[in-house]
1. Using packing as a proxy for protection, rank 398-411, 127-140 so that the peptide with the highest average count of other Cβ atoms within 10 Å comes first.
2. Write down the Å³ per residue value for the convex hull defined by the alpha carbon atoms of region 351-440.
3. Under a plain spin-label model, where a point goes 7 Å from the Cα along Cα-to-Cβ, how far apart in nm are Ala9 and Leu217?
4. Take each of the peptides 243-256, 269-282, average the number of other beta-carbon atoms within 10 Å over its residues, and list them starting from the highest.
5. For helix 388-398, report the angle its Cα long axis makes with the longest principal axis of the Cα atoms of the chain; keep it between 0 and 90° and round to the nearest 10°.
6. Quick check for you: with a 1.4 Å probe and neighbouring chains kept, what is the accessible area per residue of the chain, in Å²?
7. Given an 8 Å cut-off on Cα distances and at least 6 residues of separation, report the relative contact order of region 293-341 as a percent.
8. So what is the 222 nm mean residue ellipticity for the chain from helices alone, if each DSSP H run of at least 4 adds -39500 (n - 2.57) and you divide by all residues, rounding to the nearest 500 deg cm²/dmol?
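The values are calculated or read from the model by the stated rules, or taken from the named source; none is laboratory data. In this text, all values refer to a predicted model and were calculated from it rather than measured experimentally. FYI the Cβ positions are ideal-geometry reconstructions off the backbone, even for glycines, and counts take in every protein chain you see. The protein model used for the area step is the full one, side chains on, heavy atoms only, and it has no ligands, DNA or RNA in it. Shrake-Rupley method; radii C 1.70, N 1.55, O 1.52, S 1.80 Å.
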Amino acid sequence: QGTRDHPPAQAALRERLLGAVVSCFKRHGAAAIDTPALELETLMGKYGEETKLIYELQDQGGELLALRYDLTVPFARYLAMNKVTNMKRYHVAKVYRRDNPATTRGRYREFYQCDFDIAGQFDPMIPDAECLKIVHEILSDLQLGDFVIKVNDRRILNGMFAVCGVPESQFLPACSTVDKLDKVPWEEVRSEMVAEKGLSSEAADRIGEYVQLHGGLDLIEQLLQDPKLSQNKLAKEGLGDMKLLFEYLTLFGITGKISFDLSLARGLDYYTGVIFEAVLLQQENEHKEEVVGFGSVAGGGRYDGLVGMFDPKGRKVPCVGVSIGIERIFSILEQRLEASGEKLRTTETQVLVATPQKHLLAARLKLISELWDAGIKAEMLYKKDPKLLKQLQYCEDTGIPLAAIVGEQELADGVVKLRDVAAREEVDVPREKLVDEIRRR
């Protein structure tokens, strides 16, 4: 339950999608790493309320293991174990969550994550701005429709809670409740704060005044002047950095899609600074009554304390990173493909080697071997004497663009008949020029 097999058409779409994401990560200079799917039980306590979703395992020695829940904590562990203090890496791999699967919304128990992170001591907000630029590039490149990237800062949130009269021990619980604002109305969030998280109704109302604000540089300026917030050291730091971030995003030319949003909280406990989340705005759907709201398709933030939790001496390595929600994007592209009725090629074969008469299997085997050795993607039918029509039909069915046909006459003349399958045009090509001609096409 909550897992799935990918038939060739889905696997091909997924490969194309991952290729687009990885090429963006590489364009920004990231190196790939890989870590085991199993982690020691060090995951516990890193995820706040989400800890209950971790798959726990036990090996014969009684060692407590867990399947990785995301790619961020393993990265922090990797940095601490190997004493790495500076790295820009990407990691594409499966992660596991003991969640109630909602496969219609793209929620699974086993799914891919694509992460990009920058670890190291740098000047404020430069790496953070690059992470947002990457999200913008990927979502624009995949043409998923209109999106907005919401940005906030944990320090602004904590400062806001403080000036609204929330005791410090309640910051994290309050945070995970505020995080639900994109799914449920303020009234419900307010009643959860008061009834379940034990906040006073005055505090909840004060929070309500802030978390419903969103905007850009103008809002940052306004909050820097706010009589309560500007008195709070944490909030002031966060707002100062937010202003700097917006200056860099303006230089990148992407502020049109960025919204500074005080309701953004992101439920994970390890964030310490900037947090962000990309949301798709509308999903076109034939049947208007079932609107597919795909919600968040990327998220991330700064987590400066996580590496220190794994380091025996508590040495910290500042980090900021982003995770692309590949499963949700995949579901959207899959639905689009279905709606358009377009057939996706599942192989990359360039040429089918075919013969028009009987007793020419040897000729096909020799020719296909030459093509393979030259690095050309080629196939043939696994029959001794297939009918030519059947071979050409196979090209049409699977989208193979070219057929290289060798009959008795072609063998005698030292040529190969190269057929353009879609146009149904044929030319004779001297055998020694065949590879070049296929490459040219």
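1. Order by mean packing, descending: 127-140, 398-411.
2. 87 Å³
3. It works out to 4.9 nm between the two label points.
4. 269-282, 243-256
5. Compared with the principal axis, the helix lies near 10 degrees.
6. Accessible area per residue: 49 Å².
7. Reported relative contact order: 37 percent.
8. Rounded to the nearest 500, it is -12000 deg cm²/dmol.
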